[in-house]
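The values are calculated or read from the model by the stated rules, or taken from the named source; none is laboratory data. Quick caveat: nothing in here was measured; it's all calculated off a predicted structure. Here the Cβ positions follow ideal geometry from the backbone for every residue, glycine too, while neighbour counts run over all protein chains shown. Heavy atoms of the whole protein, side chains included, go into the accessibility calculation; ligands, DNA and RNA do not. Shrake-Rupley method; radii C 1.70, N 1.55, O 1.52, S 1.80 Å.
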Amino acid sequence: MPLKIGVIGTGMIGEDHIRRLTQVLSGAEIVAVSDVDARKAQAVADRIGARRHETGEALIADPNVEAVVIASWGRTHAAYVLAALAAQKPVFCEKPLATSSADCRRIVEAEAALGRRLVQVGFMRRFDPAYVAMQRLIAAGRIGTPLMFHSVHRNASVPPSYIPAMILDDTCVHDIDISRWLLADEVKAVTVKSARRNSKGRADLADPTLVLLEMAQGGLVDIEISVQIGYGYDIRGEVVGETGTVALSTGSPVDLRSAGAVSGHVPEDWRERFITAYDEEFRHWLPAAAAGSATGPSCWDGYAATLATEAAARARDSGQTQTITMIDKPALYASPNGDQGPERTIFAAGG
Ligand code: NAD
Ligand code: ISE
């Protein structure tokens, strides 16, 4: 029997997840959708034969909905996650888990009180074959103790609904999560500098921005966030260890040599660059949700990342480094480095 899923938010990624759940993966049926844009939700509902609910809360309460995918704007996630936890329904929540650490804490406390995990957060980079290979090599000691991570996150453009706070709480939140995962460490302090503004972009966005993370065990992470770079979606990363380095490949699948020049392809957006990662995170979520549980990126990961984006906002506004104090980690989230087991290897990390 397929898992009966309700999807809240039928925008860009909501539609993309509905496509993968109905056309790429097996074991899922979308039985309900909801969006504050009722026309958009109705069009999707008609197309896939699902019921449209007026509100996300009504969708969560629908007895026919066994599990919930939350793909609405980040600022709306917390209320839906809390409602789904109260209804004890498994959740896939797009990142960020919530845009305030106070809301993330409420969610962590609600899930911990249940005593079992029900939420997987959409930090899909942890399922990307290249990041997975990088993490495996680091964990296997192939570059010695990791000391630094250089992370570059460039978007060609952002939609009009992208507000200034999202540079940190919607975009940089990915780099923070992947830093924690690759270095198996927590963020201790954050410093932020905005560069000379990209004059080709919106005047209200501090674009580009540089973020420096100091990790608890002494590692350093520098993150470039550019959200209107024009030329494509460019994700780079290199971890520097004591005896070696490991980097994401920046090459396109082929190099074109023509008219005296070498050229390659840069993905257009996140849908193209991370297509495998999104498929994999749902392959991971579906069986766990069908069993009434969750694994993978957790509410604790959501809390830790948002706590750091909040500190980053304070660091940017004050010009001062901000230190981070975390609440005690509930036993429910004991696994130090996420819980994607080694059997999830997508391709061998080599050597
Ligand atoms: P979008 O604007 O295209 O879609 C969001 C949809 O949510 C819109 O249709 C909007 O009408 C709807 N919505 C807003 N408030 C709502 C509410 N209270 N209840 C129900 N629906 C509501 O945005 P998007 O790019 O699809 O992003 C949605 C979420 O997915 C965000 O949290 C974003 O951070 C995340 N996202 C993640 C990735 C990734 O790489 N993992 C990529 C894109 C987006
Ligand atoms: C978007 O929400 C995503 O999550 C993309 O992965 C990221 O690159 C983009 O900046 C975000 O707005």
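I'd like to check one number: the per residue accessible area of the chain, probe 1.4 Å, reported in Å² as a whole number. Ligands and nucleic acids excluded, the result is 43 Å² per residue.
With only the Cα atoms considered, the chain has a convex hull volume of 154 Å³ per residue. Sequence-distant contacts, meaning Cα pairs under 8 Å at least 6 residues apart, place the relative contact order of region 1-80 at 40 percent.
Within a Cβ distance under 14 Å of Ser252, other residues only, what is the Lys/Arg minus Asp/Glu net charge? Intermediate values should be presented prior to the final figure.
Working: positive: Arg236, Arg257, Arg273; negative: Asp234, Asp255, Glu268, Glu272.
That sum, taken over residues with Cβ under 14 Å, equals -1.
Cross-link pairs exceeding 27 Å between alpha carbons, from the set Lys89/Lys329; Lys193/Lys329; Lys95/Lys193; Lys4/Lys95; Lys89/Lys188: Lys193/Lys329; Lys89/Lys188.
Computed about the Cα centre, the dipole magnitude for the chain is approximately 220 debye when only Lys and Arg (+1) and Asp and Glu (-1) carry charge, each at its Cβ.
Using a probe radius of 1.4 angstrom, the carbon and sulfur fraction of the accessible surface of the chain is 53%. Using every pair of distinct Cα positions in region 119-242, the Kirkwood expression returns a hydrodynamic radius of 15.2 angstrom.
Over the chain, calculate the relative contact order: mean separation of alpha carbon pairs under 8 Å at least 6 apart, over the residue count, as a percent. Don't skip to the end; give the middle numbers.
Details: 712 pairs, mean separation 70.7, N = 351.
Relative contact order for the chain comes out at 20 percent.
GNM, the chain, Cα, under 10 Å: largest mean-square fluctuation among Ala311, Ala112, Ala87? Most flexible of the set in this elastic network: Ala87.
Are there any helices in the chain, counted as whole DSSP H runs, that stretch 24 Å or more along their axis by Cα and score at least -1.0 on average by Kyte-Doolittle, and if so which?
Working: long enough: 299-318 (28 Å, -0.27).
Both cut-offs are met by 299-318.
Over the chain, DSSP H runs of length four or greater, each weighted -39,500 (n - 2.57), average out per residue to a 222 nm ellipticity of -9500 deg cm²/dmol.
Compute the FRET efficiency between Trp73 and Ala261 as 1/(1 + (r/R0)^6), taking r as their Cβ-Cβ distance and R0 = 45 Å, and round to the nearest 0.05. Walk me through the numbers on the way to the answer.
Values: r = 41 Å, r/R0 = 0.92.
For Trp73 and Ala261, the calculated efficiency is 0.60.
Can you give the log10 of the normalised intensity I(q)/I(0) at q = 0.10, 0.15, 0.22, 0.25 Å⁻¹, computed with Debye over equal Cα scatterers of region 203-305? The calculated log intensity ratios at q = 0.10, 0.15, 0.22, 0.25 Å⁻¹ are -0.49, -1.04, -1.30, -1.31.
Evaluated at 25 °C with a viscosity of 0.890 mPa s, what Stokes-Einstein diffusion coefficient in µm²/s does region 1-148 have when Rh comes from the Kirkwood expression over alpha-carbon pairs? Could you put the intermediate results ahead of the total?
Numbers: Rh = 16.4 Å.
Value of D from the Cα-based Kirkwood radius: 150 µm²/s.
Computed over region 164-282, relative contact order equals 17 percent, with contacts defined as Cα pairs under 8 Å that lie 6+ residues apart. Each part gets one Cα centre, and for region 318-334 versus region 282-297 those centres are 26 Å apart.
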